[in-house]
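The values are calculated or read from the model by the stated rules, or taken from the named source; none is laboratory data. Just so it is clear, the structure is predicted and the values come from calculations on it, not from any experiment. When we count neighbours, we look across all protein chains shown, and the Cβ atoms used for this are built from the backbone with ideal geometry, even at glycine.
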């Protein structure tokens, strides 16, 4: 797809104004956005995605991109667009026993249209329940294999005692578009930070309305500062969305300095970070550093080629420095991909904490620099410059003065402030503050300011 | 020694036919071979070695090589050949109190001929017993210092109360040959796997009839397949045998890709592997991988320059990638180098397990390859090729599908399947099976097939 | 400052004779030297330093260097010289309640002259005590900020109840010199080992009369051997002394192979070693090795840019291979920088142990060499050369023979004897002894003898 085609498909220009933008001030505001988005039936294509992105535009001027069905994207093709109007299982007397209008998880995503009376045995082959969770509806998809099906609670499943039922899925599976949102916040250098989050799940709160809302909040924050780096936010359907974006934007990949996939950021568990495929990329070190100084509660796990869109960004042909930030890892909490992943699973405090940590991560990304000590032989006389206590003989030194000594000792034109913070086992913010003091007295220079 | 000389000294040609070959089908068959070889008095030279190798020829067509006494081999010379007809300590009335005919450990190996009446004090200086093991006869040698001596149990030693005894050792120490066996199973490439085992010990079962029998069984297995690599099996006297082989075969060393010394493989302890001097040779990683997926019971120990023929293969002038596979390490079990190292110490199950692990090791050696993902940008669409489940949304993935994802993600033309298995923490066999599936759909190529 | 100026300022020539030198034979002799030096009021300049260095000259022919006030040294200038004749706080009736004549810690170092009657409130702003140590006088300095002050015990502080007191500090702060001692013991090669210790503290025993006395004892030892390396001993005021020496001796830095700062070596705690900034310098490995074989009690801590003169030697413009040897680290024992750091805190046994370990460190420095096995293919026949037991078959090997095998196996012309000792987990002395035996039979050569 040419850039022209993309341009024409856009719902709004990149330079859209900010008049009337809603602000996600805190965890509660984010919870309200999540609750508003929750009932919409999203999938990897379709009107639910468009409706979601339109709501997001109330908060940040993201572009809505439309890529036509059939577009060749890497090893894949953009699929047909799927929409559902109604879907149910009814007794022959018309009583609906399972109804998409009640919960949009009830229909297997990408189910083909059906309107038939079927025997109970055939019906059961199209049903999905979770045996040991009597009230939870599972979430299932059949994107690339034409089929139809219903998801229902084990209690509903057990209650199906009629010999025949009517099944109706009034869906369409037609040529259309794959829709995604993109927001570029320009910075002062050529390099870019990528933030990617998947938007393809229907009524599931943690996975991934939490990621969407957190990404949006972070986008608002970046727009409020003048960042050094460009920040590119992608709101895309999982797998096929990142594959599509990668295929259409290969020329932009070389400038990606750091990247994060955001998912499952609202549950009450602690934070997790899945490393990039490289394992030692800058973003891997940055997140580990921030976790360490956030009480050491965050958990860093090595890359595995299963999960969300980091699978695509970290495929061997790209091997981008992209990790994944989560709270409880997908699949590791029982409510995952069931109707129990609803707004009750989330907490405003968790959402706010996720955002706070992301801001700290951005603080390191933005504030890091290679430094050079301009007085590298011996220690410079800090007291003369008002940077050091005048009374000598004490047995210890304050953190702020220790930070000065560390920065001076390690600023050899090769190490970054993050290197120094790691070696000193001090928070990046303390090391950066020391560097700023030293720069103000010309004892230090930033090599790559 | 020239190749011609070696050729003339051979007992059989390398192309000897297989008619009537005996097969070592299981641990019990191996135990029977060990029991048959047990009574023979082997040493680093002599007829016991020849007799042993002739019996091995019933199982595999190994060449018997003869290297003349005095041949200069590295820093050493091939010693004179030693044979014993009879040896005993007798009372003056003729009663034999220690007799080589009873157990061939009774005479110190390489004892010079003697036929004298000696006082008890002088005799004791030629006797070796183990104070805290009343019934065990130790095994002692004096290859390179002319002397004579007897080994006996502490009980026998304590019973020597006469003032004088007659000692007879009817041995010969004469110019002859050093004898060893060699079997080359040709493969399809230029590189060779070396399997070496020592044959110089008399009636000791674990050390090293177990190693001999296991090597022979593995040789039969290799002959039953069409291996990628050449496999060279050496049945040699310890130290002087490997020194002799190395001296006469330096032109063959460059092609050695992997090597294993086999010793003490029949006792009831768990497996041990002593790394090559390099510590990170391919064989070191392969054995560690196989051990890990064998329940993690095998023990990997670092190289030390004490032990068996790996000392010679790993001397700094060669530094070959040769490790040593054992069960309980030599010297670490009390029966080591005593008459208690007899067939009762062994178990058929241990022997069979040793062979099974060796076959797994050979499986990795033979099956390893560098791979390249032919669709490295994003994940290829596996579902379309029948390689991936069609129903999405589950919280976990099966091992077989995970193996596919790992192989695709890490096949960048630099990593081997073993690298991938290690990173994925999955068995090599699972990773190799995934690679085979992907090769069948042209998604993967072997870079060095 | 030119070399000429330095030459003229010297108190004695480098070639001073040894007639009548006192010897520090044991811990008790060292304790007596410490007790003799204890009462002197040293500072970073002044007559107390000169008096101390003169006493040290009774033990070793060190040069006394004088560097004029105002000399530009790196980012600093040599300060004015400070001397005190008397100092006290008295009641108006003349009774002295705090008196420098009682303890020289009572006056803040570099206090400006004062002779006034001051109200109690103003006085208290010039007083320093330790609230939770009623009887200890702290040690405080104000080298680079003109001020005056007294240190006193909390009990004395609490007893000050008069409304006004007379304060007298009869000090001078005038142009003069910074004084330090230097001793070069010449070796047989171009490279140098630096041993540096600070001499600027008044009546404090562990910090650093212990370091001074231990350095002096080691200097006597080095003078008693014919060392391979040059050894340069510096007895200098902390911080400004090393900055001055570095500034005036930059042309000598390139030849520094190893360096140690010595401080706090007499207390009853175990040894500590603070690594050089590099962390993997030769001296770092050597001290770790010696600690390991000293029962493993010594503690190795990573470099931090706070402490003694290693801060200057390890500043990024120099990054010299200099670590710091201590017993309990400065600041980590409660008596540090108080009047409780007196000779009672020390033990002769600790001082003797510190010296013994330093001699072992010097043993490795002096004895290390890269080695090459001259018979690297297979093991050479050690028995023939009288280096190996003649009776074979035992299950283990003696340490001395194991050391021979390790040296032979690892002497590939790239590894040092220290590398071998580390790999073999044997003491350096055992490995060096084995190497000497092998050299005597021409099986081994030293590559850098």
(request) Would you tally the residues in the stretch B:217-240 being in a helix (DSSP H, G or I) and within 18 Å of residue B:60 (Cβ to Cβ)? (result) 8
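This table checks each residue for (1) over 20 Å from residue B:342 (Cβ atoms); (2) touching a strand residue (DSSP E or B) at 6+ places or on another chain (Cβ under 7 Å).
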residue: B:21; (1), (2): yes, no
residue: B:27; (1), (2): no, no
residue: B:31; (1), (2): no, yes
residue: B:67; (1), (2): yes, yes
residue: B:78; (1), (2): yes, yes
residue: B:85; (1), (2): yes, yes
residue: B:107; (1), (2): no, yes
(message) Criterion first (farther than 29 Å from residue B:77 by Cα and either touching a helix residue (DSSP H, G or I) at 6+ places or on another chain (Cβ under 9 Å) or at pLDDT 95 or above (or both)) does residue B:148 satisfy it?
(response) no
(request) Considering every residue within the stretch C:281-300, establish whether at least one is within 14 Å of another protein chain (Cβ to nearest Cβ) and part of a loop (DSSP other than H, G, I, E, B). (result) no
(request) Evaluate the following for residue A:217: is it under 16 Å from the mean Cα position of the chain (by Cα) and within 25 Å of residue A:28 (Cα to Cα)? (result) yes
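For the subset of the stretch C:313-332 comprising residues that are in a loop (DSSP other than H, G, I, E, B) and more than 9 Å from every other protein chain (Cβ to nearest Cβ), which member is surrounded by the most Cβ atoms within 10 Å (Cβ to Cβ)? Break it down stepwise before answering.
Looking only at the stretch C:313-332, we keep the residues that are in a loop (DSSP other than H, G, I, E, B), and these are C:314-321, C:327-332.
Next, from what is left, pick out any that are more than 9 Å from every other protein chain (Cβ to nearest Cβ): C:320-321, C:327-329.
Working: C:320: 23, C:321: 22, C:327: 26, C:328: 22, C:329: 18.
Only one residue tops the list, namely C:327.
For (1) away from chain A (no Cβ under 14 Å); (2) touching a residue at least 40 places away in the same chain (Cβ under 8 Å); (3) touching a helix residue (DSSP H, G or I) at 6+ places or on another chain (Cβ under 8 Å); (4) within 21 Å of residue C:172 (Cβ to Cβ), each residue gets a yes or a no:
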| residue | (1), (2), (3), (4) |
| --- | --- |
| C:63 | yes, yes, no, no |
| C:99 | yes, no, yes, yes |
| C:104 | no, yes, no, yes |
| C:117 | yes, yes, no, no |
(request) Mind listing whichever residues of the stretch B:241-265 are assigned to a loop (DSSP other than H, G, I, E, B) and within 24 Å of residue B:205 (Cβ to Cβ)? (result) B:263, B:264, B:265
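Within the stretch C:314-327, is there a residue that is under 20 Å from residue C:28 (Cα atoms) and at pLDDT 95 or above? Show your work before the answer.
Pass one, the stretch C:314-327, residues under 20 Å from residue C:28 (Cα atoms): C:326-327.
Narrowing further to those that are at pLDDT 95 or above: C:326-327.
Yes.
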(message) Just to verify a result, which residue in the stretch B:239-269, among those that are within 17 Å of residue B:297 (Cα to Cα) and surrounded by fewer than 18 Cβ atoms within 10 Å (Cβ to Cβ), is nearest to the other protein chains (Cβ to nearest Cβ)?
(response) B:269
(message) Go through (1) at negative phi; (2) away from chain C (no Cβ under 14 Å) for residue B:46 and report which single condition fails.
(response) (1)
(request) Select from the stretch C:270-280 the residues that are within 14 Å of chain A (Cβ to nearest Cβ) and in contact with a helix residue (DSSP H, G or I) (Cβ under 6 Å, 6 or more places away or on another chain) and list them in ascending order. (result) C:275, C:276
(request) Pick out the one residue from C:178, C:184, C:123, C:92 that is modelled with pLDDT of 95 or more, under 30 Å from residue C:220 (Cβ atoms) and out of contact with any helix residue (DSSP H, G or I) (no Cβ under 7 Å at 6 or more places or on another chain). (result) C:184
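So, in the stretch A:94-125, how many residues would count as being at positive phi and surrounded by 15 or more Cβ atoms within 10 Å (Cβ to Cβ)? Give the derivation first.
At the first step, the residues of the stretch A:94-125 found to be at positive phi are A:94, A:110.
The next check asks that each one be surrounded by 15 or more Cβ atoms within 10 Å (Cβ to Cβ); those that pass are A:110.
Here the count works out to 1.
Could you grab me the full set of residues in the stretch A:138-157 that are away from chain B (no Cβ under 11 Å) and in contact (Cβ under 8 Å) with a residue 24 or more places away in the chain?
Keep residues of the stretch A:138-157 that are away from chain B (no Cβ under 11 Å), which gives A:148, A:150, A:152-157.
Within the stretch A:138-157, A:148, A:150, A:152, A:153, A:154, A:156, A:157 meet the criteria.
Can you confirm whether the stretch C:11-18 contains a residue that is loosely packed, with under 14 Cβ neighbours inside 10 Å, modelled with pLDDT under 95, assigned to a loop (DSSP other than H, G, I, E, B) and touching a helix residue (DSSP H, G or I) at 6+ places or on another chain (Cβ under 7 Å)? Can you show your working first?
From the stretch C:11-18, those loosely packed, with under 14 Cβ neighbours inside 10 Å are C:13-15, C:17-18; that's our starting set.
Cutting the leftovers down to modelled with pLDDT under 95 gives us C:13-15, C:17-18.
With the extra rule that they be assigned to a loop (DSSP other than H, G, I, E, B), the set shrinks to C:13-15, C:17-18.
Add one more test, that the residue is touching a helix residue (DSSP H, G or I) at 6+ places or on another chain (Cβ under 7 Å), and what stays is none.
There is no residue in the stretch C:11-18 that is loosely packed, with under 14 Cβ neighbours inside 10 Å, modelled with pLDDT under 95, assigned to a loop (DSSP other than H, G, I, E, B) and touching a helix residue (DSSP H, G or I) at 6+ places or on another chain (Cβ under 7 Å).
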(request) Consider residue C:339 carefully, then state whether it is buried (at least 20 other Cβ atoms within 10 Å of the Cβ) and within 14 Å of another protein chain (Cβ to nearest Cβ). (result) yes
(message) Within the stretch B:187-221, take every residue that is surrounded by fewer than 23 Cβ atoms within 10 Å (Cβ to Cβ) and in contact with a helix residue (DSSP H, G or I) (Cβ under 7 Å, 6 or more places away or on another chain) and give me the one that is farthest from residue B:49 (Cα to Cα).
(response) B:190
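A quick yes/no check of all residues on (1) assigned to a loop (DSSP other than H, G, I, E, B); (2) farther than 26 Å from residue C:49 by Cβ:
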residue	(1), (2)
C:88	no, no
C:112	yes, no
C:116	no, yes
C:123	no, yes
C:135	yes, yes
C:147	yes, no
C:161	yes, yes
C:167	no, no
(request) Looking only at the stretch C:413-424, count how many residues are at the interface with chain B (Cβ under 9 Å from one of its Cβ atoms) and surrounded by fewer than 17 Cβ atoms within 10 Å (Cβ to Cβ). (result) 1
(message) For the list (1) over 17 Å from the mean Cα position of the chain (by Cα); (2) touching a residue at least 12 places away in the same chain (Cβ under 8 Å), I need the number of the one condition that residue B:25 fails.
(response) (2)
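Within the bounds of the stretch C:358-368, is there any residue that is more than 30 Å from residue C:230 (Cα to Cα) and either within 14 Å of another protein chain (Cβ to nearest Cβ) or buried (at least 19 other Cβ atoms within 10 Å of the Cβ) (or both)? Steps first, please.
The initial filter retains those residues of the stretch C:358-368 that are more than 30 Å from residue C:230 (Cα to Cα), namely none.
No, the stretch C:358-368 has no match at all.
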(request) Mind listing whichever residues of the stretch B:378-406 are at the interface with another protein chain (Cβ under 7 Å from one of its Cβ atoms), surrounded by 18 or more Cβ atoms within 10 Å (Cβ to Cβ) and modelled with pLDDT of 90 or more? (result) B:378, B:379, B:380, B:381, B:402, B:405, B:406
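Looking at the stretch C:236-249, can you tell me whether even one residue there is under 27 Å from residue C:448 (Cα atoms) and touching a strand residue (DSSP E or B) at 6+ places or on another chain (Cβ under 6 Å)?
Here is the first cut: in the stretch C:236-249, the ones under 27 Å from residue C:448 (Cα atoms) are none.
No, there is no match, as no residue in the stretch C:236-249 is under 27 Å from residue C:448 (Cα atoms) and touching a strand residue (DSSP E or B) at 6+ places or on another chain (Cβ under 6 Å).
Only residues that are more than 30 Å from residue B:242 (Cα to Cα), touching a residue at least 12 places away in the same chain (Cβ under 8 Å) and loosely packed, with under 15 Cβ neighbours inside 10 Å: list them for the stretch B:71-93, please. Before you say what the answer is, go through the steps one by one.
Step one: filter the stretch B:71-93 for residues more than 30 Å from residue B:242 (Cα to Cα), giving B:88-93.
Keeping just the survivors that are touching a residue at least 12 places away in the same chain (Cβ under 8 Å) gives B:88-92.
Result: B:91, B:92.
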